[in-house]
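Comments concern the structure below.
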Amino acid sequence: MASPTSEQTSLWHNADFLRLWAGQSLSQLGSFVTYFAIPVIAVTVLNASPEEMGVVGFLLRAPMVLFLLFGVLADRVRKRPILIWTDVARAVLLALIPVAWFADMLTLAWLYVVVFTIGLLGTMFQVAYRSYFPFLVPPENFLEGNSKLQLTESLANTLGPGVAAALLKVIAAPVLLIIDAVSYLASAVAIALIKRPEDRPEADDTTARQIHRAIWEGVIWVMKHPLIRPLAISSAVFSLFILGAMNSVYALYVIRELGVPAAWFGSILAGGGVGAIIGALLAVRVMRRFSVGGVLLWSIVYGNVALFLIPLAAGPTWLKITMLVASQVVNGVTAQIFFVTNTTLVQTITPPHLQGRVVASIYSLGLIPAPLGALGAGLLAGAVGIRPALWAIITIGALVPIAALAWSPLARLKQMPEPAER
């Protein structure tokens, strides 16, 4: 097998992958502007309460419950049309927010509808995207491809909030979403230019019962696999408490509780992007030097422990910002190393005919709890205060995933398994 970095197999010679990569790079830049803008709009323009911020987080993540269904469908249809049309639809929907703001019609109800629909389309895109990647990239290039995709996502994570924070000084937060709308259109064009023909899967007369069985086939495969099961369990806990609960009140905590200016909020998020760039650059080197299990375990240990800097943030504004940025940087580094390793492992050992369902199952088990966490965090923060709520949320959400990986066969995995037969 040729090395992923050799001239014969390098993805720099795969024009279709480069088109996908270019489109996603632009789209990710816009998306991270939106990740900054949506909570800022809710807090500063619409004066959302902790409970209302919880609803925003819930609606954004609620469509994740459909990951399993979309995974079955992704195995039965061509993926590229899904990628193109979900990009176009998201561009149109995002443009509605600045239009409503200009017309003095922007309300929380309007934001709720757009955020939910964007989440629904994003869920469809992610399932199709992750199962389309192995179609364009040979197994020996999975690590290189995932590393490249994560590197540009990391760059976008740095540039997006930073650009948004700078622009926020001269334009209103709702107008920032136009950047993401344009980036989605650019992504749609890039994907449309991919030349490799995608065969239409064989038509079948699938019944509702068969779809139900197909969904559970992916879930059962994940939960029975000794290496994938602990990843799914730890991801589910992390999703409930960190991605859902903590993130839904994070902007409210930073801007309102700590008194950090909204423009600095973007700089704090950009710290995560800086760390993510470092992590993406180091991922391949780290995987080649250390065992697969060790990389997965210790990346989650360092990243999760750094989360405690968030509720500990106190003192003058510069110190609060420093502690929050430090937490973001460490999490950025470790999250990218973990994600590249995790994704490569799953893509390597999953049979081709199960790619869509397995991707959907892992994402579902890892992300479905997030909307419940977001809703619960809003209620908890409203009842006991934001900082006490964060202490409880982070303690459980950080420590349980570490335990789930530490006491599993995955922690002892030395090297990447042989690829599934294709």
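The values are calculated or read from the model by the stated rules, or taken from the named source; none is laboratory data. Given the structure is predicted, the values throughout are model-derived calculations rather than measurements. As a convention, Cβ positions derive from the backbone with ideal geometry for all residues, glycine included, and neighbour counts pool all protein chains shown.
Structure data summary
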| item | result |
| --- | --- |
| Tally, over the stretch 307-352, of residues that are surrounded by fewer than 20 Cβ atoms within 10 Å (Cβ to Cβ), over 30 Å from Phe142 (Cβ atoms) and β-branched (Val, Ile, Thr) | 2 |
| Gly378 being surrounded by fewer than 22 Cβ atoms within 10 Å (Cβ to Cβ), touching an Asp or Glu at 6+ places or on another chain (Cβ under 6 Å) and assigned to a helix (DSSP H, G or I) | no |
| Answer from Gln355, Gln328, Gln347 - the residue that is closer than 18 Å to Phe238 by Cβ, among the polar types (S, T, N, Q) and assigned to a helix (DSSP H, G or I) | Gln328 |
| The stretch 94-153, residues that are under 18 Å from Pro39 (Cα atoms), of a type outside the set (A, V, I, L, M) and over 14 Å from the mean Cα position of the chain (by Cα) | Pro98, Trp101, Thr107, Trp110, Tyr112, Phe116, Thr117 |
| Hits in the stretch 97-110 - residues which are surrounded by fewer than 18 Cβ atoms within 10 Å (Cβ to Cβ) and under 19 Å from Tyr184 (Cβ atoms) | Val99, Ala100 |
| Of all residues in the stretch 1-19 being crowded, with 19+ Cβ neighbours inside 10 Å and modelled with pLDDT of 90 or more, the one that is farthest from the chain's Cα centre (by Cα) | Asn14 |
| Residue match in the stretch 282-290 (condition: small (Gly, Ala, Ser), surrounded by 23 or more Cβ atoms within 10 Å (Cβ to Cβ) and out of contact with any strand residue (DSSP E or B) (no Cβ under 9 Å at 6 or more places or on another chain)) | yes |
